[in-house]
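One structure is given below, encoded as structure tokens.
The values are calculated or read from the model by the stated rules, or taken from the named source; none is laboratory data. Since the structure is predicted, the reported quantities are computational estimates derived from the model, not experimental observations. Every residue, glycine as well, gets a Cβ built from its backbone with ideal geometry; the counts of neighbours run over all protein chains shown. Ligands, DNA and RNA are excluded from the accessible area calculation, which covers all protein heavy atoms including side chains. Shrake-Rupley method; radii C 1.70, N 1.55, O 1.52, S 1.80 Å.
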Amino acid sequence: MISQVSRSHATVLIRGESGTGKELVANSIHYNSNRSKAPFVKVNCAAIPNNLIESELFGHEKGAFTGAVKQKPGRFELAHKGTIFLDEIGSIEPDVQVRLLRVLQEREFERVGGHKTLKVDVRIIAATNKNLEQAVDEGTFRGDLYYRLNVFPIYMPPLRERKTDILLLADFFLERYADENGREVKRLSTPAIDMLMAYHWPGNVRELENCIERAVLLCEEGAIHSYHLPPSLQTGRESGTLPDLSLEDAVAALEKEMIIDALKNTRGNITLAAEVLKTTVRKFAYKAKKFGVDYRTYR
């Protein structure tokens, strides 16, 4: 959908929870469009106070209000011939929504305190994590503005609905932060992968990125293990780190993880795996059988 809409001039509305990558989608659309060499202006509507949002978007004339000591161009002017990305557009107040609707329809506006009508050639990409349909029903978001924005909607599903992406993203972040921090961390252990896959990721991709960065900083070996991951991921029974585990159970869980990781690393070769863990083949085989780990699974 991104590649299809990039070649057009259509207004795009990106929907999805916080941390799903809406800004990355906006970047991709702009830099793969025929406006890629023109300005790409980003505005976080939720971060700008309500009494300043109009001035930020449309600019103001000298003396328009207290503190307006000189003329200031707005973000729409700065984005002329390019793209403007309006993040968290659901937080804009109704009076500003009226002016925004006019820009969408007529591609023209006046600066705050000004009378001259300015024309702009701007592509609009908007994003929100709010339910705009519900906001329209409640009267907090204009229906006509919603329909003007919703020309080409792109929905970013939460990470818990795209489990197959977790490992790909984790590997990407692992390589990035290992390079940035000069760490020789090469991979994720099998139990760590299982833990990542079992977690529900309420913070989505942003939370996963922070989680992997932290693990890389903590890791002093070649692979990230489950104990390098944040406590929030280690609360599930899958990790074998529930607070009510006895010392014996906790040790057993760690032994099982190390045995699985050694077998994976040696492709199921018990002799080499025992050498990796600095134990005898007899002890290794005994422990593997005790924990129900079959070496043939890793060949």
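Each principal axis of the Cα atoms in the chain has its own extent, and those three values, largest first, are 88, 39, 37 angstrom. The calculated 222 nm mean residue ellipticity attributable to helices in the chain amounts to -13000 deg cm²/dmol, summing -39500 (n - 2.57) over DSSP H runs of n ≥ 4 and dividing by all residues.
Charged neighbours of residue 216, selected by a Cβ distance under 13 Å, balance to -4 (K, R count +1; D, E count -1).
The mean sequence separation of alpha-carbon pairs under 8 Å and at least six residues apart, normalised by the residue count of the chain, gives a relative contact order of 17 percent. The overall shape of region 131-230, judged from the alpha-carbon gyration tensor, is prolate: a/c is not under 1.5, and a/b is greater than b/c.
Packing here is the average count of other Cβ atoms within 10 Å per residue, and on that basis the peptides 253-259, 50-56, 178-184, highest first, run 253-259, 50-56, 178-184. Ranking 50, 20, 140 by how far each Cα lies toward the positive end of the dipole of the chain (charges on Cβ) leaves 20 at the top.
Let a ≥ b ≥ c be the square roots of the eigenvalues of the Cα gyration tensor of region 154-299; is it rounded (a/c under 1.5), or, if not, prolate (a/b larger than b/c) or oblate? Don't skip to the end; give the middle numbers.
Details: a/c = 1.95, a/b = 1.60, b/c = 1.22.
Taking the square roots of the gyration eigenvalues as a ≥ b ≥ c, region 154-299 is prolate.
On the accessible surface of region 77-130, probed at 1.4 Å, how many percent belong to carbon and sulfur atoms? That fraction is 48 percent.
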